[in-house]
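Structure first, then comments.
The values are calculated or read from the model by the stated rules, or taken from the named source; none is laboratory data. Note that the structure is a prediction, hence the values are computed from the model and not measured. Cβ atoms come from the backbone with ideal geometry, glycine included; neighbour counts cover every protein chain shown. Remember, those area values only see protein heavy atoms, side chains included, never the ligands or the DNA or RNA. Shrake-Rupley method; radii C 1.70, N 1.55, O 1.52, S 1.80 Å.
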Amino acid sequence: MQTVTRIAELRATLSAWRAQGLRIGFVPTMGNLHAGHMSLLAAARYRADRVVASVFVNPLQFGPNEDFDRYPRTPEEDAQLLQGAQCDLLFLPSVEEMYPQGRDQATRVHVRGLSETLCGRVRPGHFEGVATVVAKLFGIVQADVAVFGEKDFQQLTIIQRMTQDLSIPVEVVGAATVRAPDGLAMSSRNRYLTEAERAVAPRLHAALMTAVKRIDTGERDYESIEAQGQAWLLEAGMRPDYFAVRDALTLQAPGPASRELVVLAAARLGKARLIDNLRATRR
Ligand code: PAF
């Protein structure tokens, strides 16, 4: 695996691959890689001849009181895992390489309508930071296919919309959430959990499953489903940001024509903020 820190170096390797007609897959990450990321790599590998991964903790997507400084950074372990997952090229840029005008002067991408709700309501500016860095990475790598985790369902939806709206020629693929045997979705932020909190954390997934079961049996009282989910998270000692049933395409409350639904939840537990979601189909 080749590791590069500069955009120009990355482009030199990529243009040689393109000249050979090779299909390029891309997995953007913030590092501290785990089994969830490895599944994204495998999905990219399956769809492309060469796989590029980026590791960049993007300051634009962290709020002033969030965990940018303490976000886990494990570059040596990440490089080893990527090598083992047959990644061909690791892009490891500095903040200056990505935002040469400084983070406050960087051109921003804002995906209206999808960015303000759910996590966007409690993390203002977060999705603008995500859309901006992903648009920039897409411009740098110019991959044929890029893979993102479905665990971050709102992020995936925003990136798909941005790609369509800006006519960026990349296929955006969602990969299924990887879970621990007890249901907890893999996340770099799980390492903030104490042992006692880790034992409670799977209740988020359990609450989502119960909500999906209620929808699957034909129930349409989404307010009651949301209230039950919120109550369960509170009972488990979590501080829920939201527990919401939404249309999977628009992320708005389901309308009469909504068929594909998603139940999404975010909750704080100790120092961690857990997010997860499950899809449901309305009968
Ligand atoms: O999901 C993440 O790890 C990040 O939000 C992403 C997509 C790499 C952008 O920084």
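What the table shows:
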| read-out | value |
| --- | --- |
| Label-point separation in nm, Asn65 to Arg103, each point 7 Å along Cα→Cβ | 1.7 |
| Per residue value of the accessible surface for the chain (all protein chains in place, 1.4 Å probe), Å² | 47 |
| Rounded to the nearest 10 Å², the accessible area of Ile275 at probe 1.4 Å | 40 |
| Cα coordinate range in the chain, projected on the principal axes (Å, largest first) | 56, 43, 37 |
| Coil-residue trypsin sites (Lys or Arg not before Pro) of the stretch 101-196, DSSP, other Cβ within 10 Å capped at 12 | Arg108, Arg112 |
| Kirkwood Rh, Cα atoms: Rg over Rh of the stretch 48-173 | 0.95 |
| Qualifying trypsin sites (Lys or Arg not before Pro) in the stretch 24-90, DSSP loop, other Cβ atoms within 10 Å at most 16 | Arg70, Arg73 |
| Label-point separation, Glu77 to His110 (7 Å along Cα→Cβ), nm | 3.7 |
| Gain on full stretching of the segment that runs from Asp221 to Arg23 - 0.36 nm per residue minus C-alpha separation | 66.7 nm |
| Arg259-Arg189 FRET efficiency (beta carbon distance; Förster radius 30 Å; 0.05 resolution) | 0.40 |
| Fluctuation leader among Gly270, Gly102, Gly36 - the chain, Gaussian network, Cα springs under 10 angstrom | Gly102 |
| Rounded if a/c under 1.5, otherwise prolate or oblate - the stretch 179-274, Cα gyration tensor axes | prolate |
| Helix-derived mean residue ellipticity, 222 nm - over the chain, DSSP H n ≥ 4, -39500 (n - 2.57), to 500 | -11500 deg cm²/dmol |
| Leu234 accessible area, 1.4 Å probe, all protein chains in place, Å² to nearest 10 | 100 |
| Accessible carbon and sulfur surface of the chain relative to its total accessible area, %, 1.4 Å | 50 |
| Radius 11 Å from Cβ of Glu226, net charge of other residues (Lys, Arg +1; Asp, Glu -1) | 0 |
| Cβ-based charge dipole, the stretch 129-206, positive-most Cα from Val130, Gly183, Leu156 | Gly183 |
| Computed over the stretch 146-227, the ratio Rg/Rh where both radii use C-alpha atoms and Rh is Kirkwood | 1.07 |
| Cβ-placed point charges (K, R +1; D, E -1), dipole of the chain about Cα centre in debye, nearest 20 | 320 |
| Rounded to whole Hz, the Karplus (6.51, -1.76, 1.60) HN-Hα couplings of the stretch 89-94, x for glycine and proline | 8, 10, 9, 10, x, 7 |
| Separation between Cα centres of the stretch 41-116 and the stretch 216-283, rounded to whole Å | 28 |
| Only Lys, Arg (+1) and Asp, Glu (-1) charged, at Cβ; the stretch 158-264 dipole about Cα centre in debye | 220 |
| Dipole of the chain [Lys/Arg +1, Asp/Glu -1 at C-beta], most positive-end residue of His37, Pro93, Val55 | His37 |
| Net +/- balance of residues flanking Pro28 in space, Cβ distance below 12 Å, scoring K and R +1, D and E -1 | 0 |
